[in-house]
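Below: one structure, written as structure tokens.
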Amino acid sequence: MGSALPAWIAEGLAESGGWLDAAKFARALAESRLEAGALALALLPVAAARAHAPVSGFEVGAVALATMKGGSEALALGANLEFVGAPLEGTVHAEQAAVHLARSHGAQRLRALALSTAPCGHCRQFLQETEGAEDLQVLLEAGGDHRLVELLPHSFGPEALGKQPALFGGGSAALRLRDDSSDALVRDAFEAACLAHAPYSRSPAGAAVLRADGRSFTGCSLESVAFNPSLGALAAALSRMAMARTPGEAFAPPVRAVLVEAAGLASQRVLSEALLGAFAPRLALEVHAAELA
């Protein structure tokens, strides 16, 4: 991050796992004297520093400008996350990480996304799932301001399967945890499952992971109309854990991992077990079933 930016911005992002709420974002704009897009671009190195890319060696950062309820704006970082020995489908792209983090904090939609490199086709399709995708601005570190519709012409969108883009505005699913567990981490995973975006499989899933220091992180499944670009719940939870590292801190496996999913047309269990088996081979995935209430 450039020396012109106040040090508290990077410190605040480290403390919050990559999130600047509306009040802190407004303060950052005022003190940096930068326009929102310029600030997002200036923070790309901070985002990329949280990447974990042992397979590709290619570290990518993303910074999302998110609109909150009431019209205020906040900011979310994202970075790519890879796992040696796991299926490549378990990879989390920087764009996905930023979108999931913004959504987890209650964002209503995305206005712009700053990237350290042009988005791959996988991410362009994933972003197509968001409301107002045709107006989403993509800002590149090397220069250039593009609308997503320019980067993804003749797109295949949710409408093709009779759905509407609702990655941010879809609401919560009414689920019931079958075993009614009172375990805190299981309940965290269940609450994440209630927030999942699963209009195609109708199999909402949530995950929660526990770090050795006792801090927990959750993730929910975010499906894409093209299926393959979907983000899995466990991968999303691990992404949030990765984003909460301090610069230079190694990415260590969790000490517990829980998956909660409802039976539908798909299941995340096999891929989640493969992902966890590669990253934390001594750790068994705890799986709990949910159902529509």
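For the range 68-170, state which chymotrypsin sites (Phe, Trp or Tyr not before Pro) are in a DSSP loop and have at most 13 other beta carbons lying within 10 Å of their beta carbon. Numbers along the way, then the final one.
Details: sites: Phe83, Phe126, Phe156, Phe168; in loops: Phe83, Phe156, Phe168.
Sparse-neighbourhood loop chymotrypsin sites (Phe, Trp or Tyr not before Pro): Phe156.
For the range 144-177, the residues whose amide N sits under 19 Å from a probe point set 7 Å from the Cα of Ala38 along the beta carbon direction are 144-146. Placing R0 at 35 angstrom, the Cβ-Cβ distance between Ala142 and Glu89 gives a FRET efficiency of 0.75 after rounding to 0.05.
Taking a sphere under 10 Å around the Cβ of Leu292 and counting the other residues whose Cβ falls inside, with K and R at +1 and D and E at -1, yields a net charge of +1. Charge dipole of the chain (Cα centre as origin; +1 on each Lys and Arg Cβ, -1 on each Asp and Glu Cβ, all else neutral): 260 debye, rounded to the nearest 20. Given the alternatives [x] 52, 50, 41; [y] 63, 39, 33; [z] 53, 44, 37, Cα extents along the principal axes in Å as computed for this entry is given by [z].
Directionally averaged projected area (the range 1-97, Cα convex hull): 6.6 nm². Compactness of the range 7-161 is given as radius of gyration and Dmax, 15.0, 47 Å, from Cα positions.
Among Gly37, Gly232, Gly214, the largest mean-square fluctuation in a Gaussian network model of the chain, built with springs joining Cα atoms closer than 10 Å, belongs to Gly214. When the alpha carbon coordinates of the range 104-243 are projected onto the principal axes, the ranges are 49, 37, 24 Å, largest first.
The distance between label points at Ala166 and Arg269 comes to 2.8 nm (points 7 Å beyond Cα on the Cα→Cβ vector). Converting the Cα gyration tensor eigenvalues of the range 181-292 into ellipsoid dimensions via √(5λ) gives semi-axes, longest first, of 22, 15, 13 Å. Which residue, Leu101, Leu152, Leu231, tops the fluctuation ranking in a GNM of the chain built on C-alpha contacts under 10 Å? Result for the chain, Cα springs under 10 Å: Leu152 fluctuates most.
Each value in this text was obtained by applying a stated rule to the coordinates, not by laboratory testing. None of the values given here were measured: they were computed from a predicted structure. For neighbour counting, all protein chains shown are included, and Cβ atoms are generated from backbone atoms with ideal geometry for every residue, glycine included.
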